[in-house]
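Visitor: Mind looking over this structure? Questions follow.
The values are calculated or read from the model by the stated rules, or taken from the named source; none is laboratory data. In this text, all values refer to a predicted model and were calculated from it rather than measured experimentally. Quick reminder, even Gly has a Cβ in these numbers, built from the backbone with ideal geometry, and neighbours come from all protein chains shown.
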Amino acid sequence: MRWSDDKRQWRRSKAGAVKKSSKQTRPMLKRGLSLVILSACILSVAVYFFMLPKFPVRHVIVQHGDVAIDEDAIRAAVSPHLRHGFFRAYVNGIQADLLQLPWVKTAEVEKTWPDNLLIKLSMHDTVARWNKNAYLLDNGVVYQPHIPLTATPLPELSSAQNDAPALLALYYAFKADLATEALSIQSLTETSEREYVVVLSNGIDLNLGDKDLQQRVHRFVKTYPLELVDKANRIAYVDLRYENGMAVGWRDAGKVGAT
């Protein structure tokens, strides 16, 4: 409605009221010029702060508790986001790239004026060594870092099939059953014939075969305190590949006795 009124006034001024129209349009021109100048200033400020690589991020602080991290991997994930300065370092993008690292469980990213970036990380637990030269995380991911992730001794898991999640699930199941007799796993191996061998921390090998794995471990756990615990330091292996029993191999004589 206002645009129509102005248009009609402009037409009348052309017909003979030029002086009156000129007086009315001067304030409008001034306001328009002011808006143009203000817009140019705002645009200049925007370009200065957001388009140019001003205000570099000089300090990146990574908090990760006592867990060892691959610093090179963190640097590679974060550095590309810092090339254009503090204001164009988008925390959501940094967080998303950090979460792509297989050993990062959660990531929080915060910018602090004028040049600080704070990163808080929590890690997936490293539960085992995998196939001698890598690590297995609690999410079933195999990770081969540039540096050791931990100095703590870890159980050794290996598989000719390279099926890490499946072997990890078996490890957790066996671990829970054996823990009832204060037994722990030193290694768990899946052979090329898809048979499974557990080596306990006391040096006893459990030959489980290729089927009924959980039942066979449970059978050993039931028998161990009754028949085997007082002879544990003499036992080389226990063969559980039987329907209703097991065979024990002794360290000293090398002979096998049926239980």
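Visitor: Which residues, taken from the stretch 83-103, are more than 21 Å from His59 (Cα to Cα) and crowded, with 19+ Cβ neighbours inside 10 Å?
Guide: Leu101, Trp103
Visitor: Of the conditions (1) at pLDDT 90 or above; (2) in a loop (DSSP other than H, G, I, E, B); (3) of a type in the set (Lys, Arg), Lys132 clears all except one; give me its number.
Guide: (1) is the only condition that Lys132 fails.
Visitor: Hey, another quick one. Among residues belonging to the stretch 154-191 that are surrounded by fewer than 16 Cβ atoms within 10 Å (Cβ to Cβ) and of a type in the set (Ser, Thr, Tyr), point out the one that is farthest from Gly140 (Cα to Cα).
Guide: Thr180
Visitor: Now a separate question. Say we look at the stretch 106-116 and pick out the residues that are surrounded by 14 or more Cβ atoms within 10 Å (Cβ to Cβ) and modelled with pLDDT of 95 or more; which of these is nearest to Thr152 (Cα to Cα)?
Guide: Ranking the candidates gives Ala107 first.
Visitor: Please state which one of Ile61, Ile94 is modelled with pLDDT of 90 or more, closer than 30 Å to Ala134 by Cβ and in a helix (DSSP H, G or I).
Guide: None of the others qualify; the one that does is Ile94.
Visitor: Looking at the stretch 185-238 only, could you name the residues that are assigned to a strand (DSSP E or B), at negative phi and not aliphatic (A, V, I, L, M)?
Guide: Gln186, Ser187, Thr189, Glu190, Tyr196, Asp205, Asn207, Tyr237
Visitor: Residue pairs, Cβ under 8 Å, 6 or more apart or interchain, first in the stretch 74-98 and assigned by TED's automatic domain parsing to the domain that holds Leu118, second among the hydroxyl-bearing types (Ser, Thr, Tyr). List them.
Guide: Sorted first by the residue in the stretch 74-98, then by its partner, the pairs are His81/Tyr90.
Visitor: Does Gly203 qualify as being over 30 Å from the mean Cα position of the chain (by Cα) and buried (at least 16 other Cβ atoms within 10 Å of the Cβ)?
Guide: no
Visitor: I need every pair where a residue in the stretch 155-166 that is over 17 Å from Gly203 (Cα atoms) and modelled with pLDDT of 90 or more has its Cβ under 7 Å from the Cβ of a residue that is surrounded by fewer than 19 Cβ atoms within 10 Å (Cβ to Cβ) and of a type in the set (Ser, Thr, Tyr), sequence separation at least 6 or different chains.
Guide: From residues that are over 17 Å from Gly203 (Cα atoms) and modelled with pLDDT of 90 or more, the pairs are Ser158/Thr189.
Visitor: Would you confirm whether any residue within the stretch 162-184 is part of a loop (DSSP other than H, G, I, E, B), more than 24 Å from Asp70 (Cβ to Cβ) and in contact with a Pro (Cβ under 7 Å, 6 or more places away or on another chain)?
Guide: There is at least one residue in the stretch 162-184 that is part of a loop (DSSP other than H, G, I, E, B), more than 24 Å from Asp70 (Cβ to Cβ) and in contact with a Pro (Cβ under 7 Å, 6 or more places away or on another chain).
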